[in-house]
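Working notes, structure below.
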Amino acid sequence: MSNTSTVRAEKGTMKTIDLASETVTDLNHALHEQANEMTIEEWEVLNPKGHHNLAVGVDQKLKIDIHGHAGYYCAGMNKEAEITIHGNVGQGVAENMMSGKVHVKGDASSAAAATAHGGLLVIEGNAGSRCGISMKGANIVVKGSVGHMSCFMGQAGALVVCGDAGDALGDSLYETHIYVKGSVKSLGADCIEKEMRQEHLDELTSLLDQAGFDDDPKAFTRYGSARQLYNFKVDNAGAY
Amino acid sequence: MSEKKKPTTELRESATFDRSTMAEIRRAADTGIYDIRGWGAKRKLPHFDDLLFLGASMSRYPLEGYREKCNTSVTLGTRFAKKPIVIDTPVTIAGMSFGALSANAKEALGRGASAVGTSTTTGDGGMTPEERGQSSKLVYQYLPSRYGMNPDDLRKADAIEVVLGQGAKPGGGGMLLGQKITDRVAKMRTLPMGVDQRSACRHPDWTGPDDLAIKILELREITDWQVPIYIKVGATRTYYDVKLAVKAGADVIVVDGMQGGTAATQEVFIEHVGIPTMAAIPQAVQALQEMGMHRKVQLIVSGGIRNGADVAKCMALGADAVAIGTAALIALGCNDPKYDAEFKAIGSAAGFYDDYHEGRDPAGISTQDPELSKRLDPVEGGRLLANYIRVLTLEAQTLARACGKNDLRNLEPEDLVALTVESAAMARVPLAGTSWIPGQQTY
Ligand SMILES: Cc1cc2nc3c(=O)[nH]c(=O)nc-3n(C[C@H](O)[C@H](O)[C@H](O)COP(=O)(O)O)c2cc1C
């Protein structure tokens with residue numbers, strides 16, 4: 001907080017925040033300050049050391065590089081910014097993201113991009129359980145595998161998994177598109193394998209492209225909602 | 001001489017299998033699905049009517065009814081927030097979703113609350129501009145579903161309420177059935193139109209209280225530590241839940257008892273889960289006191305609050321404020337006898353209507369039907385609600401002055417006695433005329 005005025009003075013330069021000497025609140029406050037007066041677009045965060053809540057609530061077109069591992073909710077509610085984590089991330093990376101891009105070079109823990117409304121989350125490693133839970137329009141591309149209950153109650157957007165998916169993929173799914181290249185341990189309630197039409201191949205090709213992965217879109221299988229649980233029916237009682 | 005009529009047995013209704021129980025068995029047998037409805041618990045429960053105030057006499061002196069000041073304003077969120085909320089009356093409006101309620105009803109709630117300087121609350125389904133525009137103090141709910149959640153609205157809020165549960169359904173998620181998922185509601189929730197929407201019952205990105213502590217810090221970071229963060233729980237294991245909520249970093253804790261209203265829940269849930277509001281308050285207060293946090297972390301209580309006596313009793317038991325849902329809707333015209341014929345036409349009656357989920361409310365409140373919604377004028381609704389809250393406040397003040405208190409928050413358990421053994425045990429005040437509090441050692 002103390003040094004935000006000096007931050008403004010350094011127009012056009014890259015700003016480095018070292019969490020060995022500054023707090024998470026200092027970091028977030030400085031990033032939020034940019035909303036008033038866009039001065040510094042490039043940010044570098046050193047020594048994150050697994051701190052939680054790094055670069056949360058950013059709402060400007062900033063480019064932020066976090067050098068190391070981050071804890072929970074890194075890049076939470078991101079809007080517009082491009083945030084790269086050069087390490088692993090804890091639970092809920094890019095949770096409720098609205099737009100922009102979050103790129104994780106390592107692995108992500110559970111609930112990655114939970115409830116995210118927009119933007120792109122790229123995970124180069126694996127993601128834990130409930131990846132994309134209740135997602136509402138964001139796109140997620142995972143180079144590795146995802147854990148159980150991924151895309152649980154997914155409402156919109158797309159989840160692309162280049163590796164395998166764990167148990168109960170897409171349980172209680174609404175309208176999220178799921179593409180998996182490897183195996184799926186089991187599908188959740190009301191999630192079924194679906195035909196891959198041209199529009200889906202196009203979507204998948206574009207997402208892989210945006211993520212920078214060269215996997216062959218044709219090698220993927222699409223999953224989606226059977227839409228059988230959309231309305232309460234006595235006959236469905238066993239599925240709930 | 002006429003023949004003497006032979007004595008016969010009287011028709012006797014079974015207390016166990018009474019008529020409504022039998023009707024429910026027949027309904028279940030016919031449909032094969034549980035009953036869903038709105039409103040709160042309808043069974044008789046130990047409640048605030050079972051408590052009485054000990055007005056002042058020789059051992060205490062009262063305050064003049066119309067002359068001496070009795071403060072009603074309360075500051076919420078003094079623990080961490082840079083901008084705590086100051087409300088002029090301790091009666092706040094509980095979270096009720098746009099979706100469950102019409103946009104006009106939400107606007108009326110905002111108008112009424114603002115007119116008397118209190119807060120209103122969003123609900124499952126996000127913040128509408130009507131509501132933000134008309135609410136001078138708006139609490140934004142952070143629910144498991146996260147429908148419509150976004151950082152811009154989060155920053156527009158005057159406080160954030162992390163909802164873990166509701167008194168009507170602790171452990172259950174929300175429901176909004178297809179007929180109310182209109183185009184606007186569907187868009188706000190990112191759902192296909194017409195689906196029966198089942199909100200999540202658990203938050204998607206944290207599980208226990210340790211995670212919640214980090215989540216709360218995230219919300220504080222996003223909002224730069226400006227606004228208070230509330231935690232709302234349905235009343236069950238209230239003593240422990242309140243301790244954990246304090247530990248997780250709440251500024252304010254909302255405890256909603258089992259009488260609390262809902263927009264749509266299984267009947268079995270409404271009537272069989274949770275504890276009565278009156279029983280929850282002493283548990284919450286004890287937890288806060290043991291942590292040295294009573295009055296530092298404020299306690300808001302809801303569930304079946306109807307009049308100023310209920311408000312005063314909650315405060316005497318240690319609450320800092322209350323929230324009303326059902327009563328606010330009734331003030332707007334919910335279940336109004338003037339619509340009796342129309343209620344009857346949909347198989348209900350004025351005073352009994354609880355099928356909020358069907359969206360056919362003749363009073364235009366729990367509906368998304370544009371024609372029905374028009375029946376509620378938000379300006380007039382706001383006026384009615386403001387009047388009603390004024391009455392609650394005046395009544396609570398009247399009782400407080402009679403007990404010699406110049407601030408509603410100076411009311412204390414010592415001002416109360418109980419009419420029944422049950423209420424004495426739950427509220428932890430003596431049975432009237434005795435010094436006996438069941439379950440407690442008296443010296
Ligand atoms: C129509 C209606 C909709 C509600 N929607 C929500 C909601 O979205 N989120 C929530 O936390 N509670 C919701 N509630 C519960 C209220 O916030 C509050 O806990 C309850 O109504 C208080 O009890 P009372 O109705 O007896 O005053 C709703 C209640 C009603 C009546």
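Return a yes/no flag: does the stretch B:105-117 have any residue that is in a loop (DSSP other than H, G, I, E, B), within 13 Å of the ligand (Cβ to nearest atom) and in contact (Cβ under 8 Å) with a residue 24 or more places away in the chain.
No, that holds for no residue.
Quick check, is B:LEU143 within 14 Å of chain A (Cβ to nearest Cβ) and near the ligand (Cβ under 10 Å from one of its atoms)?
yes
Could you name every one of the helices (runs of 4 or more DSSP H) located completely within the stretch B:177-252 that has at least 2 residues being among the aromatic types (Phe, Trp, Tyr) and surrounded by fewer than 24 Cβ atoms within 10 Å (Cβ to Cβ)?
Numbers: elements: B:183-189, B:209-222, B:238-247.
Correct list: B:238-247.
Any residue in the stretch B:157-174 that is touching a residue at least 40 places away in the same chain (Cβ under 8 Å) and of a type in the set (Lys, Arg) sitting within a Cβ distance under 7 Å of a residue that is within 10 Å of the ligand (Cβ to nearest atom) and assigned to a loop (DSSP other than H, G, I, E, B)? List the pairs, counting only those 6 or more apart or interchain.
B:LYS169/B:THR262
Inspect all residues belonging to the stretch A:125-136 and state whether any of them is assigned to a strand (DSSP E or B), farther than 25 Å from A:ASN53 by Cα and either more than 10 Å from chain B (Cβ to nearest Cβ) or among the polar types (S, T, N, Q) (or both).
No, the stretch A:125-136 contains no residue that is assigned to a strand (DSSP E or B), farther than 25 Å from A:ASN53 by Cα and either more than 10 Å from chain B (Cβ to nearest Cβ) or among the polar types (S, T, N, Q) (or both).
Between a residue in the stretch B:320-334 that is closer than 16 Å to B:PHE352 by Cα and any residue that is assigned to a strand (DSSP E or B) and within 8 Å of the ligand (Cβ to nearest atom), which pairs come within a Cβ distance under 9 Å, given they are 6 or more apart or on different chains?
Filtered contacts from the stretch B:320-334: B:LEU329/B:LEU101; B:ALA331/B:ILE324.
Quick one: would you say B:ARG401 is of a type in the set (Lys, Arg) and in contact with a Cys (Cβ under 8 Å, 6 or more places away or on another chain)?
Judged against the criteria, B:ARG401 is a match.
Could you check B:GLY234 against (1) touching a Gly at 6+ places or on another chain (Cβ under 7 Å); (2) away from every other protein chain (no Cβ under 14 Å); (3) away from the ligand (no atom under 16 Å from the Cβ) and say which number it fails?
(3)
Mind telling me which of the residues B:SER136, B:SER119 ends up being polar (S, T, N, Q), at negative phi and either buried (at least 24 other Cβ atoms within 10 Å of the Cβ) or at the interface with chain A (Cβ under 9 Å from one of its Cβ atoms) (or both)? Write out each step before concluding.
Numbers: B:SER136 fails: either buried (at least 24 other Cβ atoms within 10 Å of the Cβ) or at the interface with chain A (Cβ under 9 Å from one of its Cβ atoms) (or both).
Going through B:SER136, B:SER119 in turn, just one is polar (S, T, N, Q), at negative phi and either buried (at least 24 other Cβ atoms within 10 Å of the Cβ) or at the interface with chain A (Cβ under 9 Å from one of its Cβ atoms) (or both): B:SER119.
Spot the failing condition for B:GLY249; the list is (1) away from the ligand (no atom under 13 Å from the Cβ); (2) farther than 28 Å from B:ASP210 by Cα; (3) within 14 Å of chain A (Cβ to nearest Cβ); (4) not hydrophobic (A, V, I, L, M, F, W, C), and only one is missed.
That leaves (2) as the condition not met.
Got a sec? Which helices (runs of 4 or more DSSP H) wholly within the stretch B:267-375 have at least 1 residues that are within 12 Å of the ligand (Cβ to nearest atom) and away from chain A (no Cβ under 14 Å)?
Counting at least 1 such residues, we get B:267-272, B:277-290, B:308-316, B:326-332.
For the list (1) under 30 Å from B:GLY148 (Cβ atoms); (2) away from every other protein chain (no Cβ under 14 Å), I need the number of the one condition that B:ILE33 fails.
Result: B:ILE33 fails condition (2) only.
Failed condition for B:GLY257, given (1) within 16 Å of the ligand (Cβ to nearest atom); (2) more than 14 Å from every other protein chain (Cβ to nearest Cβ); (3) over 23 Å from B:ARG295 (Cβ atoms), with all others met?
(3)
Taking the condition touching a Ser or Thr at 6+ places or on another chain (Cβ under 9 Å), closer than 23 Å to A:GLN60 by Cα and at pLDDT 95 or above, does A:LYS101 pass?
Details: touching a Ser or Thr at 6+ places or on another chain (Cβ under 9 Å): yes; closer than 23 Å to A:GLN60 by Cα: yes; at pLDDT 95 or above: yes.
Answer is yes for this residue.
This table checks each residue for (1) touching a residue at least 40 places away in the same chain (Cβ under 8 Å); (2) not hydrophobic (A, V, I, L, M, F, W, C).
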{"position": "B:LEU244", "(1), (2)": "no, no"}
{"position": "B:VAL255", "(1), (2)": "yes, no"}
{"position": "B:GLN266", "(1), (2)": "yes, yes"}
{"position": "B:PRO276", "(1), (2)": "yes, yes"}
{"position": "B:GLN286", "(1), (2)": "yes, yes"}
{"position": "B:MET293", "(1), (2)": "yes, no"}
{"position": "B:ILE300", "(1), (2)": "yes, no"}
{"position": "B:CYS314", "(1), (2)": "yes, no"}
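Taking interchain pairs and intrachain pairs at least six residues apart, which have beta carbon atoms under 7 angstrom, with the first residue in the stretch A:140-153 and under 17 Å from A:GLN210 (Cβ atoms) and within 14 Å of chain B (Cβ to nearest Cβ) and the second crowded, with 22+ Cβ neighbours inside 10 Å and of a type outside the set (Lys, Arg)?
A:ILE140/A:ALA112; A:ILE140/A:ALA113; A:ILE140/A:LEU121; A:ILE140/A:CYS131; A:ILE140/A:GLY132; A:ILE140/A:LEU159; A:ILE140/A:VAL160
The values are calculated or read from the model by the stated rules, or taken from the named source; none is laboratory data. Just so you know, these numbers come straight off a predicted model, no measurement behind them. All Cβ positions, even for glycine, are placed from backbone atoms using ideal geometry, and neighbour counts span all protein chains on display.
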